[in-house]
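Below: one structure, written as structure tokens.
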Amino acid sequence: MAYSVDAKALPVVRDFNLSLLPGESHGLVGESGCGKSTVALAIMQWLGRQGRITSGQLLFKGRDLCLLSGEELRRTRGAQVAMIYQEPMASLNPTMRIGEQLTEVPRYNEGLSRPAARARAVAMLNRVQLADTLRIMEAYPHQLSGGQQQRIVIAMALLSNPSLLLLDEPTTALDVTVEAGIVDLIGSLSAEYGMSMLYISHNLALLRTICQRITVMYAGQVVETAETAALFADPHHPYTRQLLAAMPQPTVHKHAQPLRAIPGQPPAPDARPRGCAFGPRCGYFMAGRCDATDVPLQVESGGHETRCLRAGEIAWQISPPELNDGPTRTPGATALKLHSLTKSYGAVSANERVSFDVRAGETVALVGESGSGKSTVARILMGLTQATSGSAALGAVELAQLPVGRRPAATIRALQMIFQNPFDTLNPSHTIGAQIARVIRKFKIERDKARIDARVQELLAQVQLPAEIASRHPQQLSGGQKQRVAIARAFAGHPQLVVADEPVSSLDVSVQATVVALLMDIQRESGTTLLFISHDLALVRQLADRVIVMYQGKVIEQGTVEEVFAPPYHPYTEALLAAIPIADPRVTRRRVRPSVEAPSASSPPAGCRFSSRCAYRIRGTCEVQEPPVREFAPGHRIACHLPARELSEMQPIFEVIRP
Amino acid sequence: MSTVLRTQGMVARALVRPGRWATLLVLLVWVPLIAYVMFRSALGGAASDVLLPAVPAVVGLYALGLARCRGSWVASVGLTLVCFWFLIAVAVPYLPLTDPDKPIAALALPGTTKHGVHFILGSDARGRDMLSRTLWGCQRVLVWGITATAAAYAVGVVLGLLGGYLGSWCDDVVSFIGNLLLSFPVMVLFILILNLLGQSGFNIVIAVTSSSAPMIMRIVRGLTLEAKNRDYIHAAQTRGEHPLWVMGVELLPNVRGPLIVDACLRLGYTTVAITTLTFLGLGLQPPDPDWGLMIKEGATAALLWKYSYLITIPALSVSSLILGFNMIADGMRELSGRS
Amino acid sequence: MRGLIARRLTQMLLIMLAASVLLFAIFDTDQFRRKVAVAELGGFGVATLSEQDYQHWLARNGFERPFLTRYGMWLARLTHGELGESLEKDVPVATLLRESIAHTAILGFFVFLFMIPLALVLGLLAGVNEGSLLDRGISFVSVLTTSTPQIATAVLLTVALALGLNWVPAKSAMLEGWSFRELVLPLLTLLIYEVGYLARMTRAATLEVMAAPYVRTAVLKGLPWSRVVSRHVLRNALIVPVTLVCQELNGLLSQIVVVEVFFQYAGFGRMLFDAASFGDIQVLQAATLVAVLVAVLSQFLSDVAYVALNPRVQF
């Protein structure tokens, strides 16, 4: 199958060429707005009323898909090409039982009878590793978890025995451990069924394990195509290189190899620069050459294609790691102390006996997947909700049950937060400057208008935003810029402790690095303590001093970042680490997979919460008894029934192969 | 209940910011109109001068509105209809019209001349000029319509914000009162209130507020509940801002958009209500000209084809006004959907 | 599900109770009392009622007893079906109610009979074929019909069909016994507005569903378009319109008052209006209670329907 396509009057995708052999898994990677989803929808001929393929061909098994009649297209969609979508919950009909949605496929495409279709559906559910198939067949989509829903979407796609499978970011909306399981499943299915796959993702590292060839897209164009191994070992295009450098790696210490940010952001479809689209952000840009004319795709040996005029001549320097200038502060006295903090909603507990310390000037990472309770801890600290029992002391002030409305002004000023969603974090009706100024005025830092404005400008400069942004409204800013304003706003009052709740999770990889770097800089300069909440362990490796791992409301491991990333591991930490996709070809990763789905939070097991998924489970003990907390080093604690010796003898997850 | 939210015309997220000029112009139109209609006796001789500044203000508003509605022909046509009637309402004292209350010649057909007066739209059963009555009639409808809607909004928005933001018992009380009022069919409520309090413009305002405010309150409450969980509200709360500040400064500007679309629709409903009430004899009193009254008088007079102009003219007038409001609302929804 | 119904029922009862207290309080005010006094004692109006006669009448009828006692007695009388007598027509209120409700029920039945299929089909067609000529036509007509107040529609229809073309009589007082021809004008007036409104809402709901990802999934699964519409779109698009139909009982009642008065149809609405103008308190009380009951019931039905149709809310 081969095609080249231009789509939409606003050129979203330009000069796109791709060839897919039978049985090949091909990855398509790019950031938001690069047009990769458009490619998939174009193949399916579902571009909506505004989208159009303006030129080129889409050849599937020799026939151009754009020229098919309505009936032929329907039959192709039913039996030849299938698609898996990003949001599984939205992609399933909420008023129709799963069984009926599944059996529709063989019934209408192959004319199977109802019982035969049903049998096929049940078999497929087993194949995608879903147990309890009878219950699932009768269930409605909202009664299942995200991972289960996505497996059903996969089952639905496979029921039509397609020759080509399109996967549009199938795991983006899922937790890391669930994601790893689904990626494995897709890998095994492609091997078994022998179909071609086009796997679209924004995560380059994820594609390394399942795809044989990878295409990198930027601003609607292909910038590089190569065999997977070749791409990771020796990328030819500056964008690919910089993308790899901007991705946090879990094997690297934060001071040894810091994240390199790509400055700027991807251009909008109607504002693409002349010549190379990546030019303005490229470190190897040469004025006069790179912005003169459109850059063609150059084919090199081994099927490695690159869209760069300077590909062959750039000497990729391996620059020495930038050492952090500025003092690395030694952590001071305990700034925040949580002891046995519990928050329950009736029978369901969001947090159970959470205890940890945070010392002044430290960066502490609170890590966990959805349902771990980490956001609840943040909300309790900020006073947006109150704990049911336990204590959280900021210095002398007890916060756990003190709503923010009743806190002394000094405490409110000392404790500020950066929120997750950049689109909601700023009030759309006020200008940027007004919002930062409000903080300064509320906390009585300055009163004089001129001084306030000066301080606003100072803060904006600190987060590397231009001064005119102060008079703009949030809608005119990008996601990354909004988060930077959020950082400026949080630090405007000289807080003592800043809680950052997944501040970069909604941003593109290249933008993430910038924002994280800024955050770390500001924190270092002002000596603020930072509580960084995240689900991204790789990112945490780069910026945290200490790590606290949470699962279903409980703290299951805590320690310094080196201690947590090396054995002894709590089995859940082990699974989390094993789920991180690795981009560095010199690193191998051991395989650990917990069993498929977590039980519902409303009926948790009496003992260890992780016991139902744990591979090391001791029957009769782990489900029933609370695991003891073992201390392996001062400050490194693991809550597990396994004997200390067995934990210490665990193999490390990551091994760096010295070349 | 979410059904109710969706029921309220699927209110769209209109990103409409009424500028400062627009607000000023609106006031320049509304205040003189109110003064003229409600306090004419107090003003005496100066009455006709009061409306002078309102005339250019309406033209100004029309120009501003047209610029804003550029993308949607529906909104533009609607705006034209509405501004036409507004212009008539403010300019009618300066137009060369016969006295609307003076009986001249009964049941003159449109286009005929009787007693030396040319009746372009005919005359009614009592001999009064139809054209004059129609044009004068729109004043009262507009003034009381806008006042009643504004009052309903004031009450509804405040209660909705309080109930939605403060939650717990405040929400329970506000919702219960709202549900209670909504469980009376609108006409029944009007009949009760107007019989209880007597018939006057102010009582109509009270009646309309009682029936509309609960609906507005539900919409605002729904919008507030949704906006309450936005992070910028949390940011304000963690700054220690007072709840009144959060409601007024952080929340209110962001619920304005859908409310403006609803306001246009509601102006339409209120106009219907006022006209219907006058028709039923429960509204504003004769002899002042009013469309509902004209329909009532015409419907009880001779019901013949050749006299049908008596009821057709006011019916078409009121329909065109409401159509204008509805088209503006639809057009704005369309515009916001596109942006 | 059962829990929800129970909760809704208790809420309904609470509201009915509160409404009855409110109504009783309204009718207990001086204005209404005087009206009743005048009607009972005979006389020319409230203004001519002498203060002495009024006080005597108050004492005779036990008005010096506390509010709650009187309310309780009133409530007890009501639940026993004693609704009193009409002052104007000299018949028991119950008889009057029965007759007028029957007439209005017939009108209402036909309205719903035509409105539901017509509106739903039009709305669905418009939504599924968004942007087409059919859609634009239906949308335009709905905006037009929902912008005209009932009296205006009534006027225009009367002029066109009765006065101009002489197809139907202009008034529906049914003086020569029951005739379907006389029902046409009020029926059409109500239908025109209702169908326009419901069709618009259905269209909006359909548009929303058509844009949903699961419809995309259904199409890309290779299902025939007829199956996509009938099984995937319909079921989801009709959730809101069906609940709206239940709620429309409430809105319809208001419109029926206007239409019946205009066309002189002897139904519930006209009875209510006449009672209010005349000051026939007993009738008015009973009528308003029935109206509130219908409104509350319609809201209740609508909530139950929403839960029944939407699996996401049930579980």
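Readers should treat all values here as calculations from the given coordinates under stated rules, not as data from a laboratory. Note that the structure is a prediction, hence the values are computed from the model and not measured. Glycine gets a Cβ as well: all are built from the backbone with ideal geometry, and neighbour counts include every protein chain shown.
Would you kindly derive the ³J(HN,Hα) couplings of segment C:129-146 from the backbone phi angles with the Karplus curve 6.51 cos²θ - 1.76 cosθ + 1.60 (θ = phi - 60°), listing them in order in whole Hz, with x for Gly and Pro?
9, 4, x, 6, 4, 4, 4, 4, x, 4, 4, 4, 5, 5, 4, 4, 6, 7
When chain C is treated as a GNM, springs tying every alpha-carbon pair under 10 Å, which of C:Arg181, C:Arg60, C:Arg98 comes out with the largest mean-square fluctuation?
C:Arg60
Which of A:His304, B:Ala35, A:Pro403 sits closest to the plus end of the dipole of the protein assembly as shown, meaning its Cα is farthest towards the positive end, when Lys and Arg get +1 and Asp and Glu get -1 on the C-beta?
Value computed over the given set: A:His304.
Return the average number of partner chain Cβ atoms within 10 angstrom of each residue Cβ along peptide C:254-262.
If you average over the peptide's residues, the count of other-chain Cβ atoms is 5.
Semi-axes of the equivalent ellipsoid for segment B:201-339, please: Cα gyration tensor eigenvalues, times 5, square-rooted, ordered largest first, whole Å.
Its equivalent ellipsoid spans semi-axes of 43, 18, 9 Å.
I'd like to know how chain C sits against the 2.2 N^0.38 Å rule of thumb: what's its Cα Rg over that expected value?
Here the Cα radius of gyration is 1.24 times the empirical estimate.
What number, in percent, do you get for the relative contact order of chain A if the mean sequence gap of Cα pairs under 8 Å and at least 6 apart is divided by its residue count?
13 percent.
When each pair of different Cα atoms in segment B:177-239 is counted once in the 1/r mean, what is the Kirkwood radius in angstroms, to one decimal?
13.7 Å
What 222 nm value per residue comes from the helices of chain A, counting each DSSP H run with n ≥ 4 as -39,500 (n - 2.57) and dividing by all residues, nearest 500 deg cm²/dmol?
Using -39500 (n - 2.57) per qualifying helix, the result is -9000 deg cm²/dmol.
When the expected Rg is taken as 2.2 N^0.38 Å, what fraction or multiple of it is the alpha-carbon Rg of segment C:179-238?
Here the answer is 1.66, to two decimals.
Before rounding to the nearest 500, sum -39500 (n - 2.57) across all DSSP H runs of length at least 4 in chain C and divide by the residue total; then give [θ] at 222 nm in deg cm²/dmol.
-24500 deg cm²/dmol, from helical runs alone.
One-quarter of the Cα convex hull surface for segment A:367-461, in nm²?
8.2 nm²
Between C:Gln264 and A:Asn126, what is the label-point separation in nm under the 7 Å Cα-to-beta-carbon projection?
7.9 nm
Of A:Lys343/A:Lys554; B:Lys296/C:Lys171; A:Lys374/A:Lys554; A:Lys343/B:Lys228, which sit over 18 Å apart, Cα to Cα?
Checking Cα-Cα distances, A:Lys343/B:Lys228 exceed 18 Å.
Which three numbers, in whole Å and largest first, are the semi-axes of the equivalent ellipsoid of segment C:196-287 derived from its Cα gyration tensor as √(5λ)?
46, 11, 9
Based on alpha-carbon centroids, what's the gap between segment B:236-315 and segment B:135-175 in Å, whole number please?
Here the answer is 12 Å between Cα centres.
Would you please calculate the Kirkwood hydrodynamic radius of segment B:270-336 over all C-alpha pairs and express it in Å, rounded to one decimal?
In segment B:270-336 this quantity evaluates to 13.1 Å.
For the pair A:Arg52/A:Asn161, report the inter-label distance in nm, with labels modelled 7 Å from Cα in the Cβ direction.
Computed distance between label sites A:Arg52 and A:Asn161 equals 3.9 nm.
Let me confirm one metric for peptide C:138-149, namely the mean number of other chain beta-carbon atoms within 10 Å of its residues' beta-carbons.
The per-residue average across the peptide is 5.
If the chain between C:Leu301 and C:Ser226 were fully stretched, how many nm would it gain, using 0.36 nm times the residue separation less the Cα-Cα distance?
Contour length minus Cα-Cα distance gives 23.9 nm.
Quick one: which residues, 5 or more positions from A:Val13 or on another chain, have an amide H under 5 Å from its amide H? H modelled 1.01 Å from N in the peptide plane, none for Pro or chain starts.
Excluding prolines and chain starts, which carry no amide H, the hits are A:Ala7.
Just need log10 I(q)/I(0) for segment B:236-275 at q = 0.19, 0.31 Å⁻¹, Debye formula, equal scatterers on the alpha-carbon atoms, no solvent, rounded to two decimals.
Each listed q maps to, in turn, -0.63, -0.92.
Considering the convex hull of the alpha carbon atoms of segment A:200-277, report its projected area averaged over all viewing directions, in nm², one decimal.
6.1 nm²
Can you run phi through the Karplus equation (6.51, -1.76, 1.60; θ = phi - 60°) for segment A:291-308 and list ³J(HN,Hα) in whole Hz, with x for Gly and Pro?
10, 7, 10, 4, 8, x, 8, 9, 9, 10, 5, x, x, 8, 10, 9, 9, 8
Could you quote the convex hull projected area for segment A:96-205, Cα atoms only and averaged over all directions, in nm²?
6.9 nm²
Taking amide H atoms as placed 1.01 Å from N in the peptide plane, list the residues 5 or more away in sequence, or in a different chain, whose amide H sits under 5 Å from that of A:Ala139.
Close amide H contacts, sequence-distant or interchain: A:Ile98, A:Gly99.
Using alpha-carbon pairs under 8 Å, 6+ residues apart, how would you state the relative contact order of segment C:134-290 in percent?
Normalised by residue count, the contact order of segment C:134-290 is 25 percent.
Name the residues whose placed amide hydrogens come within less than 5 Å of the amide hydrogen of A:Val499, ignoring near sequence neighbours (fewer than 5 apart) on the same chain.
A:Gln416, A:Met417, A:Ile418, A:Leu531
On the principal axes of its Cα set, how long, how wide and how thick is the protein assembly as shown? Give whole Å, largest value first.
Sorted from largest, the Cα extents of the protein assembly as shown read 111, 72, 71 Å.
Could you work out the equivalent-ellipsoid semi-axes for segment C:241-315, taking the square root of 5 times each eigenvalue of the Cα gyration tensor, largest first, in whole Å?
Listed largest to smallest, the semi-axes of segment C:241-315 are 32, 13, 6 Å.
Based on alpha-carbon centroids, what's the gap between segment B:206-228 and segment A:186-222 in Å, whole number please?
51 Å
Using every pair of alpha-carbon atoms in chain B, split the distances into 10 Å bins beginning at 0 and state the percent of pairs per bin, rounded to integers.
Distribution as computed: 5, 22, 30, 25, 12, 4, 1, 0 percent.
Enumerate the whole-percent occupancy of each 20 Å bin, from 0 to the last occupied one, for all C-alpha pair distances of chain A.
Reading upward from the zero bin: 17, 49, 32, 3.
Could you compute Rg(Cα) / (2.2 N^0.38 Å) for segment B:231-306, with N its residue count?
It is 2.02.
Using unit Cβ charges (K, R positive; D, E negative) and no other charged atoms, how large, in debye to the nearest 20, is the dipole of segment B:214-266 about its Cα centre?
Its charge dipole is roughly 160 debye.
Return the sequence-ordered ³J(HN,Hα) values of segment C:249-265 in whole Hz as given by the Karplus equation 6.51 cos²θ - 1.76 cosθ + 1.60 applied to θ = phi - 60°, using x for Gly and Pro.
3, 5, x, 4, 4, 4, 5, 4, 4, 4, 5, 5, 5, 4, 9, 6, 7
Roughly what % of Cα-Cα distances in segment A:1-150 sit above 18 Å, to the whole percent?
Considering segment A:1-150, 66 percent of its Cα-Cα pairs are separated by more than 18 Å.
Please state the charge dipole magnitude for chain C, taken about the Cα centre, from unit charges on C-beta atoms (+1 on K and R, -1 on D and E), reported in debye and rounded to the nearest 20.
My answer is approximately 1520 debye.
May I ask for the Kirkwood hydrodynamic radius of segment A:448-526, worked out over all distinct Cα pairs and given in angstroms to one decimal?
About 13.1 Å for segment A:448-526.
Of the peptides B:208-217, C:99-108, A:263-272, A:163-172, how do they stack up when ordered by the mean number of other Cβ atoms within 10 Å, highest first?
Ranked from most to least packed, the peptides come out as B:208-217, A:163-172, C:99-108, A:263-272.
Quote the charge dipole size of the protein assembly as shown about the Cα centre in Debye, to the nearest 20; the model charges only the Cβ of Lys and Arg (+1) and of Asp and Glu (-1).
680 debye
Provide the percentage of antiparallel DSSP beta bridges, counting only those with both residues in the protein assembly as shown; round to the nearest 5.
60 percent
With no solvent and one point on each alpha carbon, what is the Debye value of log10 I(q)/I(0) for segment A:152-310 at q = 0.11, 0.15, 0.17 Å⁻¹?
So the normalised log intensities are -0.55, -0.95, -1.13.
Per-residue mean of other chain beta-carbon atoms within 10 angstrom of the beta-carbon, peptide C:197-204?
That average works out to 2.
Using alpha-carbon pairs under 8 Å, 6+ residues apart, how would you state the relative contact order of segment A:65-209 in percent?
Rounded, it is 31 percent for segment A:65-209.
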